[in-house]
Amino acid sequence: MSATRYTYLGPEGTFTEAALRTLPEAATRELVPMVSVPAALDAVRNGEAAAALVPIENSVEGGVTATLDELASGEPLMIYREVLLPIAFALLVRPGTKLSDVKTVTGHPVAQPQVRNWLRTHLPEALWESAASNADGARLVQEGRFDAAFAGEFAAATYGLEPLVTEIHDAENAETRFVLVGRPARPAAPTGADKTSVVIWLGDDHPGALLELLQEFAVRGVNLMLIQSRPTGAGIGNYCFAVDAEGHISDRRVGEALMGLKRICPKVRFLGSYPRAGVSADEVRSARPGTSDAEFVAAAEWLARSQDGRA
C-alpha cells in the first residue's frame with residue numbers, strides 16, 4: 001500500500017481537492033485525482049492509496065448518493081475525519097465570452113440545485129448538462145464542448161478560463177461535507193466532540209420497523225445528525241439507512257446503541273468514529289441525565305451486585 005498517496009474526486013480544480021488541501025498532512029502526500037467517487041475509494045481498497053477524500057453531504061442537496069452507496073457496499077472502508085468547506089460557484093468561460101454568449105452550461109449534478117435560481121434569473125434559456133465533477137465541467141468548456149461551467153473560482157487558472165461571475169449560490173452559507181476514508185482500523189481516541197457513522201439494514205418490512213431502529217438511539221440519549229434511506233438493490237421497498245450519530249463508539253451510550261442495533265438488524269456496517277469538523281468539546285451539549293458513561297458504569301455495577309446478592 002502507498003502510505004503517502006491520497007486520492008480524491010478529480011480532476012484537478014474540484015472543491016474536493018480544495019477541501020483535501022486544508023488538511024495539514026496533504027502537504028506531505030501525493031494527491032491523485034480520480035474520475036469518480038467509486039474510483040477514488042477503490043484505489044484505497046486495492047492498496048493503491050492510503051486514503052481518499054470524497055464528498056458525502058451538501059447543506060442544500062443532502063447526502064451524496066454515490067459516496068453513501070459505495071460505503072454501504074463492497075469491501076468495508078472507514079471514515080477517519082471530516083472536512084467542511086463553504087461552497088460558492090463561479091461561472092467559468094473561455095476568454096472573451098460574454099453572458100449573452102452562454103447557451104450551454106455544465107457542472108456536477110449536486111451543483112445544479114445550488115445555482116438553479118441564479119440560472120433561472122440570468123440564463124433562463126441556457127441548456128444544462130451534467131459533468132462528472134465541476135472541474136471536469138471546466139475542462140469541457142476549455143475543449144469547447146460547453147459555453148460555461150459552474151465550478152470553484154480557483155479552477156479558472158488550471159483550465160485557462162475566466163470567472164465571468166463569482167460568488168454564485170442560491171443559499172447563503174452553503175457548505176459541503178467531505179470525509180477522509182481509509183481501510184478499517186481501530187478508531188482514534190475520542191475527543192469529546194465526535195461523530196459515529198453506520199449503515200443499518202432492516203430485517204423485514206413491518207409497521208414500526210424504522211421506529212425500532214431509532215429507539216435504540218433515543219432510549220440511550222444518542223442524538224442523530226443524519227439519517228438517509230438508500231435502496232439496497234434487492235427490489236422496490238428494500239432499503240438501508242445511513243446514520244450519523246453524536247458521540248464516539250467508545251462512549252457507553254453509543255456502544256450500547258450499536259449493540260442493540262446488531263441484535264435486531266440482519267446487518268450493521270460501522271463506518272467510523274471521528275472528530276466533528278469545526279466543533280470543540282466545549283461546544284458539545286452535556287449527556288442527558290442517565291446517559292453519561294459514569295451512569296452506565298454505576299448501573300452495571302449495581303446489576304453485578306444484585307446478581308451476587310450484594311445489592
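The values are calculated or read from the model by the stated rules, or taken from the named source; none is laboratory data. Predicted, not measured: the structure shown is a model, and the values here were computed from it. Counting neighbours? That spans all protein chains shown, and the Cβs are built from the backbone with ideal geometry, glycine included. The protein model used for the area step is the full one, side chains on, heavy atoms only, and it has no ligands, DNA or RNA in it. Shrake-Rupley method; radii C 1.70, N 1.55, O 1.52, S 1.80 Å.
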Being of a type in the set (Val, Ile, Thr), open to solvent by 20 Å² or more (accessible area, probe 1.4 Å), in contact (Cβ under 8 Å) with a residue 12 or more places away in the chain and not in a helix (DSSP H, G or I): is that true of VAL268 here? yes
List every residue pair whose Cβ atoms sit under 9 Å apart, with the two residues 6 or more apart in sequence or on different chains, where the first one lies in segment 57-75 and is free of Cβ contacts under 8 Å to residues at least 40 places away in the same chain and within 29 Å of ASP170 (Cα to Cα) and the second, anywhere, is crowded, with 20+ Cβ neighbours inside 10 Å and of a type outside the set (A, V, I, L, M). ALA66/PRO55
Residue ID - farthest from the chain's Cα centre (by Cα), chosen from residues in segment 200-222 that are within 23 Å of ASP251 (Cα to Cα) and without any contact (Cβ under 8 Å) to a residue 24 or more places away in the chain: VAL219
Would segment 199-219 turn up any residue that is β-branched (Val, Ile, Thr), in a strand (DSSP E or B) and surrounded by 15 or more Cβ atoms within 10 Å (Cβ to Cβ)? yes
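Here's the yes/no breakdown for (1) surrounded by 18 or more Cβ atoms within 10 Å (Cβ to Cβ); (2) modelled with pLDDT of 95 or more; (3) assigned to a helix (DSSP H, G or I); (4) among the hydroxyl-bearing types (Ser, Thr, Tyr):
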| residue | (1), (2), (3), (4) |
| --- | --- |
| CYS240 | yes, no, no, no |
| HIS248 | yes, yes, no, no |
| ASP282 | no, no, yes, no |
| ALA287 | yes, no, no, no |
| GLY290 | no, no, no, no |
| ALA298 | no, no, yes, no |
| GLU301 | no, no, yes, no |
Give the residue that is least open to solvent (accessible area, probe 1.4 Å), with candidates limited to residues of segment 62-75 that are among the acidic types (Asp, Glu) and in contact with a strand residue (DSSP E or B) (Cβ under 9 Å, 6 or more places away or on another chain). GLU70
State the number of residues belonging to segment 6-19 that are over 17 Å from ALA88 (Cα atoms) and crowded, with 18+ Cβ neighbours inside 10 Å. 6
Quick check: anything in segment 175-196 aliphatic (A, V, I, L, M), surrounded by 14 or more Cβ atoms within 10 Å (Cβ to Cβ), in a loop (DSSP other than H, G, I, E, B) and touching a helix residue (DSSP H, G or I) at 6+ places or on another chain (Cβ under 8 Å)? yes
Six or more apart or on different chains, Cβ atoms under 7 Å: show the pairs whose first residue is in segment 113-142 and more than 20 Å from ILE87 (Cα to Cα) and whose second is assigned to a helix (DSSP H, G or I) and of a type in the set (A, V, I, L, M, F, W, C). ALA126/LEU119
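Out of all the residues in segment 131-163, which are open to solvent by 60 Å² or more (accessible area, probe 1.4 Å) and either of a type in the set (Gly, Ala, Ser) or not in a loop (DSSP other than H, G, I, E, B) (or both)?
First, the residues of segment 131-163 that are open to solvent by 60 Å² or more (accessible area, probe 1.4 Å): 139, 142-143, 145, 153-154, 157-158, 162.
Once the filter is applied, which keeps residues that are open to solvent by 60 Å² or more (accessible area, probe 1.4 Å) and either of a type in the set (Gly, Ala, Ser) or not in a loop (DSSP other than H, G, I, E, B) (or both), segment 131-163 yields ARG139, GLN142, GLU153, PHE154, ALA157, THR158, GLU162.
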PRO113 vs (1) open to solvent by 70 Å² or more (accessible area, probe 1.4 Å); (2) at pLDDT below 95: all pass except (1)
How many of the residues making up segment 25-39 are under 16 Å from PRO55 (Cα atoms), open to solvent by 40 Å² or more (accessible area, probe 1.4 Å) and in a strand (DSSP E or B)? 2
What's the total number of residues in segment 251-263 that are touching a strand residue (DSSP E or B) at 6+ places or on another chain (Cβ under 7 Å) and outside any helix (DSSP H, G or I)? 0
